[in-house]
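Reviewing the structure listed below.
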Amino acid sequence: MKKDFKIFCIVFVFLLLISFNIYADDANPEQILKVGIGTDIGTFDVIKFTSSNDMKAASLVFETLITLDPNDLGMPVPLLATSWKQINEITWIFNLRKGVKFIDGTPFNAAAVKFSLERAITALKSSRFQGMIKVVNIINDYQVEIKLKEPSSSFFTGLSRQTASIISPTAVKKYGEDWFKNPVGTGMFKLEEWIPGRYVAFTRNEDYWGTPAKLEKVVFYPIVNEDTRLMSFKSGEINVCEDLPAYEVPNIEADPNLNIQIQPQLRTIFLTLNTLCDTLKDIRVRKAIALAIDKEGIFKYVMEGIAPEAKYGLFPPQILTKDEPIGYGYDPELAKKLLAEAGYADGLELELWVPEGRYAKGVEICKVVQGQLSKVGIKVNISIMESGSFWELTSNYDIDKKFQMLLIGWLLPPDPFPVFLVLFNSDSNVNFSNYRFPGFEARNILASRTADKDERDQIYLDMDKEVVEYVAIIPIYYGAMIYGVNAEVQEFAGHPMDYLLIADTWIK
Amino acid sequence: MFWKRLFRSKSSLFAIVILLIILFVAIFAPFLSPYDPTEQSLEFRRELPTKEHPFGRDPFGRDILSRIIYGTRVTFVVGIMGALISIFFGVIFGIFAAYYGGRLSSIIMRLVDVLLAFPYFIFAILLVAIFGPGLWKAIMAIAISEIPKVTRIIRGATLNIVNSEYIESARAIGANNFRIIFNHLLINVSSVIIVYFSLELSHVILGVAALSFLGLGAQPPLPEWGLMLNEAKGYLMIAPHMSIIPGVFIVLLVLSANILGDGLRDVLDPKLK
């Protein structure tokens, strides 16, 4: 027995000593950023993105010709293109950066740009690629001419989005169908390992053309349950937590080792109403619904005062400046009156669908809406669906849609044209409101051709007002991403379009 | 006579009292409940227990005590309907399989084996995927997945007596099959049925609460206890009472039904132990 005990003690002390070495030397901390995100990455294939998290991951390995200054979203900033010149209404010439290589050694040049952009246009059926590009012509190795189908004010916005990432033509040919998990780009990081459901790991691109990143490694951990993600963050397993639950903000701020960063995002969460279905086709019914929802209450009590109430219509003031609120306020008495006028004095029944886990507090908002509408006699049945099935069931071209109300969120590029194009167009598969007015669509195109920004914005403003007053949509809140950031992480920021700005981030 | 024996066991007595109290609450819910269980008061969300709200309020400001009280109705309906369905089909399958034997028995038992292959959870997801979530679908899912167990028990119990002398004599007199089944077999396995009804009650209640917790059963704003757990789980750190209270009641009800079932089994048919 005594001998066994001695051996045990020796082994124990040995293990103890080893364990002290597992902790990284504090004087030289590992430069690893561990980010907890809400939903898993679906693909790195830029023309098949399934969510903004895919774009977030893509932004680490790919680059676009230009990017948008986060503090002035109308301003394009050179990235892979160094300068550009407008030749006529529909033609632009871009000068490309020299000396850039993809991580597989392929040189970055005009051929790669032509390949990437034309691949994006031909592959997408709906008008999601907001570039309206007709063709890309190679002038020489470092100059391309881009011709648009028609004049478009959202061209630069389209070029800045990850769908317009420049990808390596050789890699696409080489990997074929496996391309979606073998991204080859010019970005600051490259994909090291991707285990679906567990993590996506990136390492620094040592051959990056510009100033290399300070971080050696970035890892995304998809943790769907927000409490689990919060616990991971608090325990230090991850050093950045996305979509931190709002009620935890005071606790985190009180902790000296943890910080909160709130980044307003260009994403609006809103209800869509199927304006052609039997129950909702009377505008008085829709107005009643809008009047019965207490948006300020939702802002205060569900969003805990963090994500602002969507007082200004679909587009937040950062995109379209507005002086006064758009839409209907909170007046349940008027709502009841309107319902009675429309013949629903005895109440009516409605279905509300929402995708689970996709939008911060989405399900809670639906339950609050259910409670508020019941006070004016409207019985709401909520269907909480798995995200994939939700989009499958709601994205179609039919006029005869099977749904009535949806709660969705939409990431908004700084230019309204593409949003109006996809959300309110007869030939769009995501026209959830069944909004079919040719005059509206024509105005959208007219606005995109208007060179003068103020004139253009006025048209868009009128259109925004129109869809809100028609109650095709009821905007609820403007997105604000709550990042939990460990105090050791320096110079971390989020972009309003929901990707990470980590070029200068380092770990203290 | 049998009541006296049942009451001799303290735990069974306790279980019966609890169940009767909950039944009473379920029947008189509108009179006992201090507030409307679906009325939201967002400014007071997650309120801890106070004098006016002895169980506090849920994440939408609804009074938890009222939701527990009305929840007894939901839970009772769930339990009784679910148990009835599983017992009803289990008895039919079991008795027929035992009585007719041969090919019919094989067919029935293999069908039952197919059902047994589905864990109730998977079966519930299947139903939900096809028909959408809902309380009744959850009840059906659980009840159907419990049928195999009941079938086997009933078949076993029936087999014990199907070849006994008095059944043979009944047949000899000329009693037709139905008469034999209903008058003789059924009566004799009735004690088994009663015991299993109580046990199924507890399983169904627990199963439906679990499915509702996952969002596959009861839908908002129904005050079902499992759904209350689902709504409260995001706030365990700051408002645990919203989870603890419905949880305690689920445990209480399920435990009582279980104990009663055990007690009944002890009293009615010690051979079954």
Would you please give the residues with an amide H less than 5 Å from that of residue A:102, counting only those at least 5 places away or on a separate chain, with H modeled from the backbone geometry? A:108
Amide hydrogen neighbours beyond the local backbone of residue A:267, cut-off 5 Å, H modeled: A:412, A:479
Note, the range B:249-256: 3J(HN,Hα) by Karplus (6.51, -1.76, 1.60, θ = phi - 60°), whole Hz, Gly/Pro = x, goes 5, 4, 4, 4, 5, 5, 4, 4
Under 12 Å from residue A:300, Cα to Cα: aspartates and glutamates that are on another chain or at least 8 residues apart: A:309, B:43
Which positions within the range A:364-379 get 30 Å² or more of their accessible surface covered by the other protein chains, compared to the chain by itself, with a 1.4 angstrom probe? A:364, A:367, A:368, A:370, A:375
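For chain A, what does the helix formula give at 222 nm: sum of -39500 (n - 2.57) over DSSP H segments with n ≥ 4, over the residue count, nearest 500 deg cm²/dmol? Present the calculation step by step, with values, prior to reporting the outcome.
Working: 14 runs with 151 residues, N = 508.
Helix contribution divided over all residues of chain A: -9000 deg cm²/dmol.
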Under a straight-distance cross-link criterion of Cα-Cα below 16 Å, which lysines are reachable from residue A:336, leaving out those fewer than 8 residues away in the same chain? A:287, A:375, A:379
Cross-link partners among lysines for residue A:508, C-alpha distance below 17 Å, same-chain residues fewer than 8 apart left out? A:34, A:214, A:217
Compute the distance in nm between two label points, each set 7 Å from the Cα along the Cα-to-Cβ direction, one at residue A:356 and one at residue A:147. 5.1 nm
Pull up all non-local amide H partners of residue A:351: gap of 5 or more, or a different chain, and H-to-H distance under 5 Å with H placed in the peptide plane. A:381, A:404, A:405
Sticking with the crude label model, points 7 Å out along Cα→Cβ, report the distance from residue A:174 to residue A:442 in nm, one decimal please. 5.3 nm
Count charges around residue B:51 for me, please; just the other residues with Cβ under 14 Å from its Cβ, Lys/Arg as +1, Asp/Glu as -1. -2
Using a simple charge model, +1 on the beta-carbon of Lys and Arg, -1 on the beta-carbon of Asp and Glu, nothing else, what dipole does the protein assembly as shown show about its Cα centre, in debye to the nearest 20? 2640 debye
Using θ = phi - 60° and the Karplus form 6.51 cos²θ - 1.76 cosθ + 1.60, what ³J(HN,Hα) does each residue of the range A:282-294 get, whole Hz, x for Gly and Pro? 7, 5, 5, 5, 5, 4, 4, 4, 4, 6, 8, 9, 8
Could you check the simple spin-label distance between residue A:50 and residue A:82, using points 7 Å along Cα→Cβ, in nm with one decimal? 4.0 nm
Counting only pairs 8 or more places apart or on different chains, how many lysine pairs in chain B have C-alpha atoms closer than 25 Å? 9
If I take R0 = 60 Å and measure r between the Cβ atoms of residue A:209 and residue B:36 in this structure, what FRET efficiency does the formula 1/(1 + (r/R0)^6) give, to the nearest 0.05? 0.40
Among the range B:232-269, those whose backbone N falls under 17 Å of a label point 7 Å along Cα→Cβ from residue B:52 are none
Please identify every one of the trypsin sites (Lys or Arg not before Pro) in the range A:367-406 that sits in a loop by DSSP and has no more than 12 other beta carbons within 10 Å of its own beta carbon. A:402
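What shape does chain B take by its C-alpha gyration tensor, where a ≥ b ≥ c are the square roots of the eigenvalues and a/c under 1.5 counts as rounded, a/b above b/c as prolate, and the rest as oblate?
Details: a/c = 3.12, a/b = 1.89, b/c = 1.65.
Prolate, since a/c reaches 1.5 and a/b exceeds b/c.
What is the dipole size for the range B:67-272, taken about its Cα centre, with +1 at each Lys and Arg Cβ and -1 at each Asp and Glu Cβ, in debye to the nearest 20? Intermediate results must be reported in sequence, preceding the final value.
On the way: 13 positive and 10 negative charges, 61 e Å.
Dipole size: approximately 300 debye.
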Please report the carbon-and-sulfur percent of the accessible area for the range B:67-272; probe 1.4 Å, protein heavy atoms only, DNA, RNA and ligands left out. 71 percent
Calc'd 3J(HN,Hα), the range A:226-234, phi into Karplus 6.51 cos²θ - 1.76 cosθ + 1.60 (θ = phi - 60°), Hz, glycine/Pro = x, comes to 5, 6, 4, 5, 4, 5, 4, 5, 5
With contacts defined as alpha carbon pairs under 8 Å and 6 or more residues apart, what's the relative contact order of the range B:67-272 in percent? 28 percent
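Note the buried accessible area between B and A here, summed over both chains, with a 1.4 Å probe, in Å² to the nearest 100. Don't jump to the answer; show the numbers that get you there.
On the way: alone 14080 and 23110 Å², together 35610 Å².
Interface area, both chains combined: 1600 Å², rounded to the nearest 100.
If R0 is 30 Å, what FRET efficiency do you get for residue B:23 and residue B:190 from their C-beta distance, rounded to 0.05? Walk me through the intermediate numbers first.
Values: r = 22 Å, r/R0 = 0.73.
The value I calculate is 0.85.
Rounding to the nearest 20 debye, state how big the charge dipole of the range A:164-225 is about its Cα centre with +1 on each Lys and Arg Cβ and -1 on each Asp and Glu Cβ.
For the range A:164-225, the charge dipole is close to 60 debye.
The values are calculated or read from the model by the stated rules, or taken from the named source; none is laboratory data. Being a predicted model, the structure only gives us computed values, none of them experimental. Heads up, the Cβs are rebuilt from the backbone with ideal geometry, glycines too, and the neighbour counts pull from every protein chain shown. The area values use the complete protein model at the heavy-atom level, side chains included, leaving out ligands, DNA and RNA. Shrake-Rupley method; radii C 1.70, N 1.55, O 1.52, S 1.80 Å.
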